[in-house]
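A short worksheet on the structure shown next.
The values are calculated or read from the model by the stated rules, or taken from the named source; none is laboratory data. All of these numbers come straight from a predicted model, not from anything done at the bench. All Cβ positions, even for glycine, are placed from backbone atoms using ideal geometry, and neighbour counts span all protein chains on display. Please note that ligands, DNA and RNA were not included when accessible areas were found on the heavy atoms of the full protein model with its side chains. Shrake-Rupley method; radii C 1.70, N 1.55, O 1.52, S 1.80 Å.
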Amino acid sequence: MYSFEPTPGQTRAELHADLLSAASALTEGEPDAVANMANVAALIAQFMGDLNWAGFYRMVGGELVLGPFIGKPACIRIALGKGVCGTAAASGETQLVPDVHAFPGHIACDAASRSELVVPVIRDGVVIAVIDLDSPSPARFDADDAAGIEALAKAIAQRI
Ligand code: SME
């Protein structure tokens, strides 16, 4: 049994430091990418809270393809440049979206989603995946969340 849990009352920056340590420990020495993405998605959901979807899309043959996640069944393939995920993958830049309804071309996989954070996972200068987080609350994500998930993406880039 693994027991990684957030500490009540900690700041978002502290929470992300703990999430990063847990994800690093859980994926260390494990070569299976699917297992690592599955555990990281579970850790993100457990640590961050107020999420209705957390998981990965992987770059496969020039498009994003659904990977391990927590949440409702989601769109399987997303073209580069489309939606929040495709925009993050095409630009290599984090997309912090306080109101998904205001994002042109947002792809609604779960009608409950109100805000979204998508962080590219970059290995050797190439986007290999994105981490996608959705929340039912407007403006759920802030700059600490973006920085925290960016650090996490960097830490696992060689392990997925
Ligand atoms: N909303 C995303 C699609 C993926 S789902 O949120 C899981 C987008 O616009 O790319």
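So Pro8 clears everything in (1) in contact (Cβ under 8 Å) with a residue 24 or more places away in the chain; (2) open to solvent by 60 Å² or more (accessible area, probe 1.4 Å) except one condition, right? Which one?
The failed condition is (1).
Can you pull out the residues in segment 36-83 that are farther than 27 Å from Leu20 by Cβ and part of a strand (DSSP E or B)? Don't jump to the end; show me each part of the working.
Start the filter on segment 36-83 by keeping residues that are farther than 27 Å from Leu20 by Cβ, which leaves 61-63, 73, 75-77, 79-82.
Hits for segment 36-83 are Glu63, Arg77, Ala79.
One residue is enough: does segment 62-73 have a residue meeting the conditions touching a Pro at 6+ places or on another chain (Cβ under 7 Å) and surrounded by 17 or more Cβ atoms within 10 Å (Cβ to Cβ)?
No, there is no match, as no residue in segment 62-73 is touching a Pro at 6+ places or on another chain (Cβ under 7 Å) and surrounded by 17 or more Cβ atoms within 10 Å (Cβ to Cβ).
So, in segment 31-59, how many residues would count as being open to solvent by 60 Å² or more (accessible area, probe 1.4 Å) and out of contact with any Pro (no Cβ under 9 Å at 6 or more places or on another chain)?
3
Considering segment 119-160 alone, what residues qualify as being touching a residue at least 40 places away in the same chain (Cβ under 8 Å), open to solvent by less than 10 Å² (accessible area, probe 1.4 Å) and more than 11 Å from the chain's Cα centre (by Cα)?
Ser135, Ile156, listed by residue number.
Return the pair list, or none, for Cβ contacts closer than 6 Å from residues in segment 21-34 that are modelled with pLDDT of 95 or more to residues that are assigned to a loop (DSSP other than H, G, I, E, B), at least 6 apart or on different chains.
Pairs that qualify, where the first residue is modelled with pLDDT of 95 or more and the partner is assigned to a loop (DSSP other than H, G, I, E, B), are Ala22/Phe4; Thr27/Arg159; Ala33/Ile160.
Residues in segment 109-118 that are of a type outside the set (Gly, Ala, Ser) and surrounded by 19 or more Cβ atoms within 10 Å (Cβ to Cβ): how many?
Within segment 109-118, residues that are of a type outside the set (Gly, Ala, Ser) and surrounded by 19 or more Cβ atoms within 10 Å (Cβ to Cβ) number 4.
Could you list, in sequence order, the residues of segment 85-101 that are outside any strand (DSSP E or B) and either open to solvent by less than 40 Å² (accessible area, probe 1.4 Å) or within 12 Å of the ligand (Cβ to nearest atom) (or both)? Quick ask: steps written out before the conclusion?
We begin by selecting, within segment 85-101, every residue outside any strand (DSSP E or B); these are 85-94, 98-101.
Of everything in segment 85-101, those that are outside any strand (DSSP E or B) and either open to solvent by less than 40 Å² (accessible area, probe 1.4 Å) or within 12 Å of the ligand (Cβ to nearest atom) (or both) turn out to be Cys85, Gly86, Thr87, Ala88, Ala89, Ala90, Gly92, Thr94, Val100, His101.
Of the residues Glu93, Glu116, Glu150, Glu63, which is more than 26 Å from Arg12 (Cβ to Cβ) and at pLDDT 95 or above?
Being more than 26 Å from Arg12 (Cβ to Cβ) and at pLDDT 95 or above holds for just one of Glu93, Glu116, Glu150, Glu63, which is Glu63.
Among the numbered conditions (1) of a type in the set (D, E, K, R); (2) more than 8 Å from the ligand (Cβ to nearest atom); (3) in contact with an Asp or Glu (Cβ under 8 Å, 6 or more places away or on another chain), tell me where Glu116 comes up short.
(2)
For segment 130-157, what are the residues that are closer than 19 Å to Ser91 by Cα and within 13 Å of the ligand (Cβ to nearest atom)?
Val130, Ile131, Asp132, Leu133
Any chance you could count how many residues in segment 18-67 are among the charged types (D, E, K, R) and within 22 Å of Cys85 (Cα to Cα)?
3
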